[in-house]
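A.B. asks: Structure in structure tokens, see below.
The values are calculated or read from the model by the stated rules, or taken from the named source; none is laboratory data. As the structure is a computational prediction, the values presented were derived from the model and not from experiment. In this analysis, Cβ positions are derived from the backbone assuming ideal geometry, glycine residues included, and neighbour counts consider all displayed protein chains.
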Amino acid sequence: MSGICDGRVVVVTGAGRGLGRAHALAFAAEGARVVVNDLGVGLDGERGAESPAGAVVAEIRAAGGEAVAHGGDIATADGAASLVRTALETYGGLDTLVSNAGFLRDRMLVNLGEDDWDAVIRVHLKGHFLPLRHAAAYWRTEAKAGRIPQARVVHTSSGAGLLGSVGQGNYSAAKAGIVALTLVAAAELARYGVQVNAVAPAARTRMTARAFAQAMAAPATGFDAMAAENVSPLVVWLGSAASAGVTGRVFEAEGGRITVMEGWRPGPAADKGARWTPAEAGETARELLAAAEPPGAVYGA
């Protein structure tokens, strides 16, 4: 198997099902050697009896590719360290990290418990930070030794993190945090040959099935716009050397559409040159809002 990722070592977290599985298979089809991480948990984060990572590895190998399974918890320091170590010990290096692992515990804010908040923030946000930290330490060591890598990181955000989503305060906050983490990492790690980008996908997975049950049903014929496999080509390209020069960006990917997302930028402003009174500040704020672009609608509002 060969392609734009020929010879690259790629780690994909949460790769046992859904988007992660599609990414792992797509990277392998383009010649990558893949570390398939999955803890084998249910939609709510509780452990199950299955080993989905092993099944994806078997699928890749059956197609002639190279892959190894990793079943550690990447939201722990030991699990994240062993994830990177698995790539280094199995394949002798690491070129691309795709962080995708996550689950949902949806509640309206007045019903959202602290445990549900902590669990979702932990797996999504901490589960992006820790693998990134350990991978970045390896790439920094390589760069300091004069071996500048062509390293790539692809993070998984969501439309919920960009616009918000009713009933998903914990998930939306985590996914928004991932965008900020992406921007910081892109700026900090560029000196070591590392590019960091994020994708906000829309696709049919276990996590989205209930929210989009009818709209996301697979068509009997023709192009399945909500298939997870539609997102993977962009992720593979971002994870390849072909994406040179692209970093610190956020993309939406849905069906056959790719959108570059443009985040917070200064809008209308006023400067009095002195302290406002509350009444003045309010009047000025209303004038500025009248000249500003309206915000996008929160999902589910």
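A.B. asks: Working only within region 273-290, note down all residues that are of a type in the set (A, V, I, L, M) and surrounded by 11 or more Cβ atoms within 10 Å (Cβ to Cβ).
C.D. replies: In the first step, residues of region 273-290 are kept if they are of a type in the set (A, V, I, L, M); the result is 274, 279, 281, 285, 288-290.
Scanning region 273-290 gives ALA281, ALA285, LEU288, LEU289.
A.B. asks: All but one of (1) among the acidic types (Asp, Glu); (2) modelled with pLDDT of 95 or more; (3) in contact with a helix residue (DSSP H, G or I) (Cβ under 9 Å, 6 or more places away or on another chain) hold for ASP224; state the number of the condition that does not hold.
C.D. replies: Failed condition: (2).
A.B. asks: It is to be established whether one or more residues within region 245-259 are within 22 Å of the chain's Cα centre (by Cα), farther than 25 Å from ARG204 by Cα, crowded, with 19+ Cβ neighbours inside 10 Å and in contact (Cβ under 8 Å) with a residue 40 or more places away in the chain. Even if it seems obvious, please write down each step before you answer.
C.D. replies: Initial filter on region 245-259 (within 22 Å of the chain's Cα centre (by Cα)): 245-259.
Filter once more, keeping what is farther than 25 Å from ARG204 by Cα: 245-248.
Now drop any that are not crowded, with 19+ Cβ neighbours inside 10 Å, which leaves 247.
Remaining after also requiring in contact (Cβ under 8 Å) with a residue 40 or more places away in the chain: 247.
Checked region 245-259: at least one residue is within 22 Å of the chain's Cα centre (by Cα), farther than 25 Å from ARG204 by Cα, crowded, with 19+ Cβ neighbours inside 10 Å and in contact (Cβ under 8 Å) with a residue 40 or more places away in the chain.
A.B. asks: Further question on the same structure: Those residues that are assigned to a helix (DSSP H, G or I) and within 21 Å of the chain's Cα centre (by Cα), I need them from region 136-156; list them, please. Outline the logic, then answer.
C.D. replies: First pass over region 136-156, keeping only residues assigned to a helix (DSSP H, G or I): 136-144.
Listed by number, the residues that qualify are ALA136, ALA137, TYR138, TRP139.
Residues are listed down the side, and each one gets a yes or a no for (1) of a type in the set (Lys, Arg); (2) in a helix (DSSP H, G or I); (3) crowded, with 20+ Cβ neighbours inside 10 Å; (4) in contact with a Ser or Thr (Cβ under 8 Å, 6 or more places away or on another chain):
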{"residue": "GLU59", "(1), (2), (3), (4)": "no, yes, no, no"}
{"residue": "GLY79", "(1), (2), (3), (4)": "no, yes, yes, no"}
{"residue": "LEU83", "(1), (2), (3), (4)": "no, yes, yes, yes"}
{"residue": "THR90", "(1), (2), (3), (4)": "no, yes, no, no"}
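A.B. asks: If a residue has to be within 19 Å of ALA190 (Cα to Cα), among the β-branched types (Val, Ile, Thr) and touching a strand residue (DSSP E or B) at 6+ places or on another chain (Cβ under 9 Å) to count, how many in region 120-166 make the cut? Before the answer, list the steps.
C.D. replies: Within region 120-166, the subset within 19 Å of ALA190 (Cα to Cα) is 128-155.
Remaining after also requiring among the β-branched types (Val, Ile, Thr): 141, 148, 153-154.
Imposing the further condition that a residue be touching a strand residue (DSSP E or B) at 6+ places or on another chain (Cβ under 9 Å) reduces the set to 153-154.
So the count comes out to 2.
A.B. asks: Could you figure out which of (1) under 30 Å from ARG133 (Cα atoms); (2) acidic (Asp, Glu); (3) modelled with pLDDT of 95 or more isn't true of ASP271?
C.D. replies: So the condition that ASP271 fails would be (1).
A.B. asks: Would you check if ALA270 is in contact with a helix residue (DSSP H, G or I) (Cβ under 7 Å, 6 or more places away or on another chain) and either surrounded by 12 or more Cβ atoms within 10 Å (Cβ to Cβ) or in contact (Cβ under 8 Å) with a residue 24 or more places away in the chain (or both)? Spell out the reasoning first.
C.D. replies: On the way: in contact with a helix residue (DSSP H, G or I) (Cβ under 7 Å, 6 or more places away or on another chain): yes; either surrounded by 12 or more Cβ atoms within 10 Å (Cβ to Cβ) or in contact (Cβ under 8 Å) with a residue 24 or more places away in the chain (or both): yes.
Yes, satisfied.
A.B. asks: Give all pairs with beta carbons closer than 8 Å in which a residue from region 61-90 that is under 17 Å from PHE129 (Cβ atoms) meets a residue that is in a strand (DSSP E or B) and at pLDDT 95 or above; count only pairs at least 6 apart in sequence or on separate chains.
C.D. replies: Matching pairs, first to second residue: GLY72/ASN37; ILE74/ASN37; SER82/HIS70; LEU83/VAL11; LEU83/VAL35; LEU83/ASN37; LEU83/HIS70; VAL84/VAL11.
A.B. asks: Which count do you get for residues in region 263-293 that are of a type in the set (Lys, Arg) and over 30 Å from GLY177 (Cα atoms)? Give the steps one after another, and end with the answer.
C.D. replies: As a first pass, look at region 263-293 and keep what is of a type in the set (Lys, Arg): 265, 272, 275, 286.
Within this subset, residues satisfying the condition of being over 30 Å from GLY177 (Cα atoms) are 272, 275.
Qualifying residue count, region 263-293: 2.
A.B. asks: Something else: Among the numbered criteria (1) at pLDDT below 95; (2) hydrophobic (A, V, I, L, M, F, W, C); (3) over 20 Å from ALA228 (Cα atoms), which single criterion is violated by VAL68?
C.D. replies: Of everything listed in (1) at pLDDT below 95; (2) hydrophobic (A, V, I, L, M, F, W, C); (3) over 20 Å from ALA228 (Cα atoms), VAL68 misses just condition (1).
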